[in-house]
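Read the structure below first, then the notes.
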2 protein chains.
Amino acid sequence: MILNKDDLHASLSDPVLDSMNFLNEITCRYPDAVSFAPGRPHEGYLGVDDIFGFLQGYLAHLARGGIPPEQVLSAVYQYGPTAGRIRELIADWLRKDEGIQVAAEAIVVTVGCQEAMLLALRALFTGPDDVLVVPAPCYVGITGAARLLDIPTVAVPEREDGIRAADVAVAVTAERARGKRPKAIYLMPDHANPSGATMSPQARTDMINMAESLDVLLLEDSPYRLVSGGLRLPALKSADHDCRVVYLGSFAKTAFPGARVGFAVADQQVRDACGRVGLLADELSKVKSMVTVNTPSLSQAAIAGLLIAADGRLSEFNTRTARHYEAALRTTLEQLEKHFPPEGGAHVRWNRPSGGFFITISLPFKADNAALTRSAECGVIWTPMSYFYPQGGGENMIRLSFSYLKLNEIAEGIGRLARFVELETLGPQGEQPGWHA
Amino acid sequence: MILNKDDLHASLSDPVLDSMNFLNEITCRYPDAVSFAPGRPHEGYLGVDDIFGFLQGYLAHLARGGIPPEQVLSAVYQYGPTAGRIRELIADWLRKDEGIQVAAEAIVVTVGCQEAMLLALRALFTGPDDVLVVPAPCYVGITGAARLLDIPTVAVPEREDGIRAADVAVAVTAERARGKRPKAIYLMPDHANPSGATMSPQARTDMINMAESLDVLLLEDSPYRLVSGGLRLPALKSADHDCRVVYLGSFAKTAFPGARVGFAVADQQVRDACGRVGLLADELSKVKSMVTVNTPSLSQAAIAGLLIAADGRLSEFNTRTARHYEAALRTTLEQLEKHFPPEGGAHVRWNRPSGGFFITISLPFKADNAALTRSAECGVIWTPMSYFYPQGGGENMIRLSFSYLKLNEIAEGIGRLARFVELETLGPQGEQPGWHA
């Protein structure tokens with residue numbers, strides 16, 4: 001049987017998917033290139049034995065708590081509740097590390113942050129008039145989930161310090177004027193993927209105030225906070241007195257990616273036609289029962305063991321990891337300064353993120369797939385920023401991710417990038433100094 | 001902030017969810033009742049050490065295969081490919097145990113069978129005219145996933161031997177006549193949940209032929225095959241020469257539920273507008289990248305270790321488990337015969353499934369939530385069959401699940417069911433023999 005692609009769901013024909021496929025192909029075709037493309041976490045400082053240790057630690061914790069042996073086995077062996085088994089431990093950590101005070105009942109444990117996004121979008125968006133506001137550029141996980149559910153998005157351009165409340169307010173008002181219902185704004189306040197931008201303290205306060213005054217929800221996603229050095233600004237959720245923020249979390253960067261454990265904090269109240277009141281978290285659980293039923297008990301046990309071992313202080317647990325990312329960021333910036341000095345005239349500009357995995361670079365030419373192929377031939381791969389602008393934009397820009405590279409690979413890669421840029425700006429007729437050397 | 005339930009997605013107001021909540025509440029309110037409600041797997045014969053052993057076995061297998069140590073760590077620690085890490089092992093098992101010959105590339109590893117259902121539905125269904133054909137009664141996982149994606153369903157009544165091709169053909173033709181596109185038929189050919197019905201060999205052949213002649217796909221879901229005793233009829237997928245079957249699989253019953261590993265086999269070809277041909281599995285992977293990104297490496301490693309330990313023969317690995325379920329089924333049937341003898345006049349009828357977890361019982365009165373509450377007061381809980389008929393039906397019927405109960409609990413539970421039925425049929429004015437005793 002042969003199916004026609006046109007008969008499959010429209011989200012499968014999205015150009016972003018083709019772009020990502022193209023990036024994968026390029027990576028396979030040029031295995032010796034230094035790739036600044038994947039936002040993959042550093043291999044970390046854990047070994048397999050540590051993971052076994054966390055599993056055993058969680059089981060010992062249950063046994064100490066008086067759980068009978070057969071129920072201890074169930075904690076890894078069996079299905080668990082749809083909302084998750086380890087919500088108390090997550091609530092404890094959020095309180096200690098993030099100043100976020102929520103009841104365990106307001107948490108839903110998910111298969112990575114991606115599922116948390118999908119659950120939130122599915123619960124909150126009901127028809128074609130409901131629109132999601134996203135920054136431009138935007139993380140592809142949220143725009144992908146929106147396309148999967150046929151939810152239209154409206155892009156608000158990011159400034160140097162991230163998405164701004166005033167810009168969002170203009171977009172929300174304009175959407176309402178044309179009969180649409182902007183129900184939520186997605187944002188990554190710290191070291192955003194892809195731009196690397198971080199919202200200022202004032203911008204955070206403004207955003208919460210805007211959400212209250214315009215009666216919208218904020219979807220806060222902040223996977224890089226606890227693995228970044230420097231000053232940590234407060235999470236929006238920690239100052240969310242009117243429950244305007246649905247917090248979307250992940251343990252992929254702070255614990256380990258192979259567990260695929262994320263969560264949503266949804267302490268908003270939901271009132272039904274009979275006046276009964278529950279939590280939005282309960283509704284997200286219902287959605288989850290139709291998506292993955294429950295998050296693997298085995299994965300939750302591993303994360304629980306790590307949270308117990310860290311006494312709920314993932315920030316401290318991640319000190320060494322954060323230092324690694326800080327060094328990678330610093331090295332990337334230093335190498336950029338070395339290879340693209342202000343007096344060099346290459347017209348290459350970049351931002352200076354305070355943490356996270358990503359730097360944005362503006363090039364003096366179009367950074368499209370053709371340019372990416374030529375760059376790969378020069379031995380360096382990056383992500384065209386245009387992939388993150390579903391409504392167009394970022395044509396001259398690229399995203400560099402330095403998260404999993406070694407410092408010497410970063411230095412080598414930026415050197416190759418400089419040679420590629422030189423070659424591109426000289427043009428095919430010009431001299432080609434260096435890059436053959 | 002208070003949200004109105006009416007402003008949330010319609011799937012959240014589905015009565016099935018309220019029913020399931022009600023069932024959970026009843027179970028909590030009557031902790032001493034014998035519950036025939038959950039289709040929960042037996043605790044099995046594995047211990048925590050076995051699970052660690054499987055993880056270690058998989059890592060040793062990788063090391064033996066020449067994978068360098070740091071990549072061995074990655075196999076549990078890191079993100080994996082969206083389509084899964086253990087597709088070769090699954091293909092090997094499907095070939096050995098099920099006679100299903102598929103390339104590893106046609107497999108997508110998922111977070112339980114539920115995610116496989118969601119991926120298949122999302123990829124295949126594009127708009128309100130696309131309809132899914134389901135049996136009545138039907139497993140709530142598939143109807144739930146359909147509601148989540150706003151996909152309309154058409155119910156075809158099951159016969160004693162399951163859903164029949166001729167009945168499906170009538171429904172497909174009728175839907176087409178009213179301008180709809182029935183794209184796929186969901187079915188559970190073996191020991192269906194909830195009815196327990198099994199399709200005959202002829203019914204299987206007819207179904208495949210019908211799918212070819214009417215140009216529709218079949219979604220085959222068969223979680224209980226390898227944990228049931230007796231003769232195993234061939235999976236539809238094993239005789240699927242025209243690639244009409246998308247096979248939806250689960251390791252929850254054959255390995256362990258806490259890993260939450262399932263999969264889809266989708267070897268259908270997909271041709272795009274430029275004539276390029278790929279596999280439906282590739283499209284399901286793209287959907288997955290927007291749902292859970294990838295299945296936990298940790299979970300996949302555990303299942304891989306078990307598949308390696310069993311040399312791809314899960315049927316043999318599950319001999320003891322299958323014997324347990326067989327004994328539970330036999331005991332349930334024996335106890336029903338004992339307590340509801342033909343000469344007893346209670347007008348209680350039941351089917352005789354050849355395996356699986358479920359039996360259907362027809363009662364001489366309405367088996368609704370009110371009756372369930374009275375039954376729980378008698379110390380026995382079951383699932384009203386009406387929960388599984390989204391378009392109405394099954395009002396006098398109940399589903400008994402015996403999968404996780406001990407044999408003495410089954411005997412006690414059926415005894416209590418008999419007392420409850422006696423009480424109901426005598427009415428409130430009659431004698432109430434026994435149940436206070």
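The values are calculated or read from the model by the stated rules, or taken from the named source; none is laboratory data. Remember, it's a predicted structure, so these values are computed and weren't measured experimentally. Here the Cβ positions follow ideal geometry from the backbone for every residue, glycine too, while neighbour counts run over all protein chains shown. Please note that ligands, DNA and RNA were not included when accessible areas were found on the heavy atoms of the full protein model with its side chains. Shrake-Rupley method; radii C 1.70, N 1.55, O 1.52, S 1.80 Å.
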Filter segment A:362-390 down to the residues that are in a loop (DSSP other than H, G, I, E, B) and within 24 Å of A:GLY141 (Cα to Cα) and list them by number. A:ALA367, A:ASP368, A:TRP382, A:TYR389, A:PRO390
Would you confirm whether or not segment A:1-18 contains a residue that is in a helix (DSSP H, G or I), within 24 Å of B:VAL76 (Cα to Cα) and within 12 Å of chain B (Cβ to nearest Cβ)? no
For segment A:118-142, give me each residue that is surrounded by 24 or more Cβ atoms within 10 Å (Cβ to Cβ) and at the interface with another protein chain (Cβ under 9 Å from one of its Cβ atoms). A:LEU118, A:ARG122, A:ALA123, A:LEU124
Which numbered condition B:VAL76 misses (of (1) surrounded by 21 or more Cβ atoms within 10 Å (Cβ to Cβ); (2) away from every other protein chain (no Cβ under 13 Å)): (2)
Wholly within segment A:254-296, which strands (runs of 3 or more DSSP E) include no fewer than the required count, namely at least 2 residues that are open to solvent by less than 10 Å² (accessible area, probe 1.4 Å)? A:261-265
Consider B:ILE185 carefully, then state whether it is open to solvent by less than 40 Å² (accessible area, probe 1.4 Å), part of a strand (DSSP E or B) and either under 23 Å from A:ASN4 (Cα atoms) or not β-branched (Val, Ile, Thr) (or both). yes
Among the residues in segment A:363-370, are any aromatic (Phe, Trp, Tyr) and surrounded by 17 or more Cβ atoms within 10 Å (Cβ to Cβ)? no
Might you check whether a residue that is within 25 Å of B:GLY39 (Cα to Cα) and within 14 Å of chain A (Cβ to nearest Cβ) occurs anywhere in segment B:283-290? no
Could you please find all residues in segment A:19-49 being acidic (Asp, Glu) and away from chain B (no Cβ under 11 Å)? A:GLU25, A:ASP32
Here is a list of conditions, (1) at negative phi; (2) touching a Pro at 6+ places or on another chain (Cβ under 8 Å), and B:ARG178 meets all of them except one; can you say which number that is? (2)
Subset tally (residues that are more than 20 Å from A:ALA302 (Cβ to Cβ) and either within 14 Å of chain A (Cβ to nearest Cβ) or open to solvent by 10 Å² or more (accessible area, probe 1.4 Å) (or both)) for segment B:79-90: 6
Do the conditions hold for B:SER35, that is, is it among the small types (Gly, Ala, Ser), closer than 30 Å to A:VAL270 by Cβ and free of Cβ contacts under 8 Å to residues at least 24 places away in the same chain? no
Selection from segment A:50-70 of residues at the interface with chain B (Cβ under 10 Å from one of its Cβ atoms) and open to solvent by 60 Å² or more (accessible area, probe 1.4 Å) yields A:ASP50, A:GLN56, A:PRO69, A:GLU70
Which condition number does B:ILE359 fail, the rest of (1) open to solvent by 10 Å² or more (accessible area, probe 1.4 Å); (2) closer than 24 Å to B:ALA197 by Cβ; (3) modelled with pLDDT of 95 or more being met? (1)
How many of the residues making up segment B:400-424 are of a type outside the set (A, V, I, L, M) and open to solvent by less than 20 Å² (accessible area, probe 1.4 Å)? 6
Quick one: A:ASP190 ticks every box in (1) among the charged types (D, E, K, R); (2) part of a loop (DSSP other than H, G, I, E, B); (3) closer than 24 Å to B:LEU3 by Cα except a single one, so which number is it? (3)
Would you mind stating whether A:ALA174 is part of a helix (DSSP H, G or I) and either in contact with a Phe, Trp or Tyr (Cβ under 9 Å, 6 or more places away or on another chain) or open to solvent by 40 Å² or more (accessible area, probe 1.4 Å) (or both)? yes
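Every residue, every condition in (1) in a loop (DSSP other than H, G, I, E, B); (2) under 24 Å from the mean Cα position of the chain (by Cα), yes or no:
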residue	(1), (2)
B:LEU307	no, yes
B:ALA327	no, yes
B:HIS347	yes, no
B:PRO353	yes, yes
Give B:VAL270, B:VAL277 a once-over and let me know the one that is touching a Lys or Arg at 6+ places or on another chain (Cβ under 6 Å), without any contact (Cβ under 8 Å) to a residue 12 or more places away in the chain and within 11 Å of chain A (Cβ to nearest Cβ). B:VAL277
